[in-house]
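These notes are about the structure you will find just below.
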Amino acid sequence: MGEGFGANFRPVPTAAVEAAGTPSSGQSAEVIWHQYYDTQTYVDNTTTVLEFFTAANNDRTITNLNPPGILPRFFTLRVHQVCADILSTIPVTTAASGTVTGVLTDLALLTISVVGRPIWVLNLSGKDYGPYSFSALHATGGPDGTAVDIVNIQYARNATWPGWNYCGRMIIRELVPFLVRVTWAAAVDLTADKRIRISLFGVLNRNIQ
């Protein structure tokens, strides 16, 4: 997602820090690094289209965009990374030797299979940007570890090296409708339903009141 902790640290005088943290008026904007995310369910062997950021949900583990489909007045997002996480009820699966089904197989079917051939678009104000391959959207992160004394184990996540990055050149303005749409050529046969989370990372300008 970027450089490590403390990267490019530069000393700044206390007076400059206080000035930067104190708005000059109630209409001044603050600028922060931000993540908007939304989660939708891929129904096993059924789903061919999912749209993100369009539905209201009070569960903040599912989405943090409120209201859905637009940024509020005085909010603007300069989009950098677009990411995709595949969430499983059982994120690590075990099976007998020779068994190929499991979370790794499911992730491959959802992202790069010849059956599904998934693509995605970012839609702003009714205009599509894309389509692009879904495999270009990488994960936000996940565990790294080792399991022992297991005959067959599957753990998987989308690659976490740099994926799609607009580098701030794509801007979502206040009150402008937007969504992300993922389309599969055909439904894929998984071991179970999955939840897919799409994240938009970028620089958020918002008013301070």
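Taken together, the residues in segment 158-187 that are farther than 26 Å from Ser125 by Cβ and at pLDDT below 95 amount to 5.
Between Ser133, Ser125, the distinction of being under 25 Å from Asp44 (Cα atoms) and either among the polar types (S, T, N, Q) or at pLDDT 90 or above (or both) belongs to Ser133 only.
Please find, within segment 188-209, the residue that is nearest to Ser125 (Cα to Cα) out of those that are in a strand (DSSP E or B) and among the aliphatic types (A, V, I, L, M). Give the steps one after another, and end with the answer.
Within segment 188-209, the subset in a strand (DSSP E or B) is 194-207.
So of that shortlist, the ones also among the aliphatic types (A, V, I, L, M) come out as 196, 198, 200, 203-204.
Details: Ile196: 23, Ile198: 19, Leu200: 17, Val203: 20, Leu204: 19 Å.
Per the stated criteria, the residue is Leu200.
Among the residues of segment 45-85, the ones that are touching a Phe, Trp or Tyr at 6+ places or on another chain (Cβ under 6 Å) and either farther than 16 Å from Ser199 by Cα or assigned to a strand (DSSP E or B) (or both) come to 5 in all.
The values are calculated or read from the model by the stated rules, or taken from the named source; none is laboratory data. Just so you know, these numbers come straight off a predicted model, no measurement behind them. Reconstructed Cβ throughout: ideal geometry from the backbone, glycine too, with neighbour counts over all protein chains shown.
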